[in-house]
Amino acid sequence: EPSTLSLTVMSNNDDWGTVTGSGFYIDETVFISAKSNKGYYFTGWYDVSGNLISKNSSYSFYYSSKNVAIGSPAEERIYIAMFAEDVAVSVHVSTPGTLAQEIINAGSNAALISKLIITGALDAEDYRIMRETASWLHDVDLSGVTNTYIPASAFSGKSTLQFIVLPE
């Protein structure tokens with residue numbers, strides 16, 4: 001008889017988000033998903049040792065019992081969806097290239113921001129800060145930005161970005 005995967009998925013805080021995918025699986029694709037509640041955002045799937053499994057809120061993998069010894073007990077796994085509180089910051093960038101300093105002046109840290117509202121003028125360095133330093137950035141409002149040129153690589157590879165309002 002093939003070995004079974006017993007998978008339990010859970011949230012680090014049930015008030016911050018919901019998860020689906022717990023169950024028993026044998027030689028099949030397993031789908032798990034996490035959805036954050038308003039005011040929170042998903043940061044990743046982790047195992048009980050704290051190892052990152054995926055930064056994608058929807059994740060799938062194939063469970064195969066082929067390499068499991070016959071008669072082995074069910075394999076048990078626990079995956080935890082980690083959610084965090086939104087950190088929203090509004091800044092005015094009067095001099096292009098100073099976004100990082102304006103975020104500090106606003107009392108925050110670019111690495112912790114999940115929502116960013118910007119007015120003023122930006123340059124390539126400012127877009128680099130959003131792309132590379134703002135690790136959890138998922139919402140950006142650029143509607144108040146006066147220069148409308150956005151570099152082609154502005155958000156390239158920015159997998160956390162979910163929502164953007166462009167300059168008018």
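Considering only 27, 139, 123, the mean-square fluctuation computed in a Gaussian network model of the chain, springs between alpha carbons under 10 angstrom, is largest for 27. The spacing between the stretch 148-168 and the stretch 94-130, judged by their C-alpha centroids, is 14 Å.
Rounded to the nearest 500, the helix-only mean residue ellipticity at 222 nm of the chain stands at -1500 deg cm²/dmol, with each DSSP H run of n ≥ 4 adding -39,500 (n - 2.57).
May I ask you to give the percent of accessible area on the chain that is carbon plus sulfur, with a probe radius of 1.4 Å? Answer for the chain is 51 percent, counting heavy atoms of protein chains only. The smallest convex shape that holds all Cα atoms of the stretch 1-51, its convex hull, gives 85 Å³ per residue. Considering only 61, 155, 31, give the residue with the highest GNM mean-square fluctuation for the chain, with springs between Cα atoms whenever their separation is below 10 Å. Maximum among the listed residues: 61.
Stretch residue 8-residue 101 to full length: gain in nm at 0.36 nm per residue minus the Cα-Cα span?
Working: separation 93, 0.36 × 93 = 33.48 nm, distance 4.30 nm.
Residue separation times 0.36 nm, minus the Cα-Cα distance, leaves 29.2 nm.
A Stokes-Einstein calculation at 4 °C with viscosity 1.567 mPa s, built on the Kirkwood radius of the chain over Cα pairs, returns a diffusion coefficient of 72 µm²/s.
Charged neighbours of residue 113, selected by a Cβ distance under 11 Å, balance to -1 (K, R count +1; D, E count -1). Semi-axes of the equivalent ellipsoid of the stretch 68-157 are 39, 15, 10 Å, computed as sqrt(5λ) over the eigenvalues of the C-alpha gyration tensor in descending order. Going by accessible surface with a 1.4 Å probe and the largest first, 38, 55 read 38, 55.
The residues of the chain expose, per residue, 56 Å² of accessible area to a 1.4 Å probe.
Largest mean-square fluctuation among 64, 11, 49, in a Gaussian network model of the chain whose springs join Cα atoms under 10 Å apart, belongs to 49.
The values are calculated or read from the model by the stated rules, or taken from the named source; none is laboratory data. This structure is a prediction, so every number in the text was calculated from the model and none was measured. Cβ: placed from backbone, ideal geometry, glycine included. Neighbour counts: every protein chain shown. Protein only, heavy atoms only, side chains kept; ligands, DNA and RNA dropped before computing areas. Shrake-Rupley method; radii C 1.70, N 1.55, O 1.52, S 1.80 Å.
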